[in-house]
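Have a look at the structure below, then the notes.
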Amino acid sequence: MAIGKLIVVCQSGGKFTTNADGTLSYSGGDAHATSLADDTKFDDFKSEIADMWKYNLDSFTVKYLLPNNKRTLITISTDRDIHRFLEFHEDSASADVYVLTPSPPAPSDATSMPCSRSSHTMPNVSVSPVDAPTDFVADAPMDWLPDAEDSEKQKAPRISSWKSSITGVGQTFNTRRELHEALDKFSLAHGFQYTIKTSDGRRFSARCKAEGCPWFLVAPKLSTTKLFRIKKMNDTHTCGVGSIRASASRKLIASIVKEKLGDTPTCKPQEIIDDIRRDFGIELSYAQAYWGIAAALEEVQGSHREAYNHLPLLCEKILETNPGSAAILNTKEDLSFQRIFVAFHASIYGFQNGCRPLLFLDCTSLKSKYGGELFTATALDGNDGIFLVAFAIVDVLSDDNWHWFLQQLKTVLSTHNGIAFVADTKKEMSESLGSVFPNCFHGYCLHQLTESLKKKFKGSLTLEVVRVLISEFHRAAYAPTTEGFKKCIETIKNISPEAYEWILQTEPEHWSNAFFKGTRYNHLKSVTESFCDLVSDLPAMPITQVIETIRRKVMEFIYTRKMDSDQWSSRLTPSAEENLQRSLVDSRSLEVVLSPGTSCFKVRDTLDILNVVSLENWECSCREWQINGLPCLHAAAAIEHVGKDVYDYCNRYFTTEAFKITYSESINPIPFLDGCGQRESSEVLVHPPCITRPVGRPKERKHALKSKQAVKRKLQCSKCKMLGHNKRKCKQSA
């Protein structure tokens, strides 16, 4: 890359195809060239791209393929992404970026194209390979979208292209389904309805639904092949063709919807209704759009039911492609799915060799046809980034499933002792942790305790008082010494004796820095919300796709953070370096005195408090050093006083070296989906879990409850006209 600039070839209007080895190739479309420099802003770059093709700024995304990884598309959306892009291509003279937009309509001259075996098939939407992101489709300008005032003129080319779906005798179709879809489009384009007379493995025949109309079609299957060819066809209508409003079948709707799902996987039925009315002039009911989305998702992602039967093969492929990993599947006696545990070798190695012995246990419900819960064990890297160590998908949230998850986690972390867990406050969780990890430390999540405190005193105390209690509660939790903890607790006692008693009953030794026996590195709340949010935002998908999506996300984390760390020049990670520098700055004004007859130092802080620092034991009486793993301001003052290197007194987990070890191993692709789709087997290995209706009346939605409360009125006595009772219970009538 010469003179700090990189030539960038911007491509749009083509499409991606997947090669046999899983790599992506881009073909077709148009290209423009520009250049990028280190000081180029993303907004300026995007505006330049918009000018190239006259796009709206919000109508496209910019992606690129990594130099040594042609399987994964990386998004450019910030100035930092541009900086990374330039770093990845610093040895190149030029690089390609791909401008992705929704799919274009069929060409307006489609009706004049010669008929062939592919000219009447449904739009070809390629399913994303396991290594390719699911958020791209063949890209092209969005200018074809019709305006509101001339939508009738603009949608004509799309419908007119369907008029040639059926051309006459001799036309050949690859499958019976392809013929059926072509006939759906043909009838919609010409405005008539048809009835299928025969549809089996040997013959397909249909006629016009209007009584007395002679139009018909007969297409037998060609022997020894799967092809269907039109043998007889009367193309004459006497029913007033074109005046009848034909309805779209579910399969045709699914084929149309499948195009849109590649762009917006979470699109709603009403959005589909509006888009199809605008683009095709077809009116759909809400139910038709809903089932069209369901059918399209099943085509793209595969069957939710069949996905469970593919789990044994998936486990085999995980172990085959990622040696040293764990993939354990459990079923019930009736072969119904119970649970699956997955831990990749890269995650196990990274945690054991580069991460602090601290794990956060959490769970979130999955959006799936058959439900399920996702259990996660997440660590923190040296830069305080989330690092997924292991996960499991279970049929229901239960103590038994949690205990099983911990047992599998113990198996893959057998060499690790003294782990601190941040997990649920339930007694069963404490018992499971104690039995599976005898030497572990169980810490409660401060956020969960805070929510319990709010619920406990809601109504009995004012909102302002509860806020003060929560503030003091958090101060007590983060207080490093017992003196600081007691001071905050006494304040709570003065505000509310009931809250004081409740807090003491929550076992402070499990959530306060002052009494916790393990090391939580000042992380008192669960840090897995960001990962759980990432998973919970996913649309409903088969269980195999959920596992693959998680694998891909972790793979991207490993790659991007590994590349980031290659640019670091300090001995500590950026976040640790920032904290250390803050302590060094604050330590400059402190007075340091060596204690007579000891190797300890006395450091007087700005509040005139003496703090005892032991460099030999890495301890300070303020306990900040022990809790955080980095020298506090008192320790930093003592270290500089004796002329030693402060970096030698930092916990190794915060070093850049440890961070690079954490992300030194890679997660390999799992090319199992294609094999699963091609495998024809009547043997059922795993059934989906049984879904049972919960006992009791279904819970009402919050907005329904609010509406009921809004119209609820008090009883009024018809005799005394007083509120709160009726005539039968009126005291005046006694």
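The values are calculated or read from the model by the stated rules, or taken from the named source; none is laboratory data. Quantities reported herein were computed from a predicted structural model and do not represent experimental measurements. Cβ placement follows ideal geometry from the backbone for every residue including glycine, while neighbour counts extend to all protein chains displayed. Side chains included, ligands, DNA and RNA excluded: accessible areas come from the protein's heavy atoms. Shrake-Rupley method; radii C 1.70, N 1.55, O 1.52, S 1.80 Å.
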Given the peptides 442-455, 350-363, arrange them by the average over their residues of other C-beta atoms within 10 Å, most packed first.
350-363, 442-455
Ranked packing of 271-282, 490-501, most packed first, by mean Cβ within 10 Å:
271-282, 490-501
Cβ-defined net charge surrounding CYS445, 10 Å radius [Lys, Arg +1; Asp, Glu -1]:
-2
Using only the alpha carbons, work out the radius of gyration and Dmax of the stretch 44-107 in angstrom.
13.0, 40
How much length is gained if the chain between VAL642 and GLN732 is pulled fully straight, taking 0.36 nm per residue apart and subtracting their Cα-Cα distance, in nm to one decimal?
23.4 nm
What residues from the stretch 165-198 fall in the zone where the backbone N is under 13 Å from a label point 7 Å along the Cα-to-C-beta line of GLU283?
none
Simple spin-label estimate for ILE609 and MET563 in nanometres, 7 Å along Cα-Cβ:
4.6
Pop the C-beta distance of SER460 and LEU715 into the FRET formula with R0 = 25 Å and round what comes out to the nearest 0.05.
0.40
Kindly rank 51-63, 635-647 from highest to lowest mean number of other beta carbons found within 10 Å of each residue.
635-647, 51-63
Once the convex hull of the C-alpha atoms of the stretch 534-663 is built, how many Å³ does it hold per residue, rounded to a whole number?
143
Suppose accessible area is computed on protein heavy atoms with a 1.4 Å probe; arrange ARG84, ARG305, ARG339 from highest to lowest.
ARG305, ARG84, ARG339
For the pair THR75 and GLU48, the simple spin-label estimate (label points 7 Å beyond Cα toward Cβ) gives in nm 2.2
Apply 1/(1 + (r/R0)^6) to the Cβ-Cβ distance of ALA33 and LYS427, taking R0 = 60 Å, and write down the FRET efficiency to the nearest 0.05.
0.35
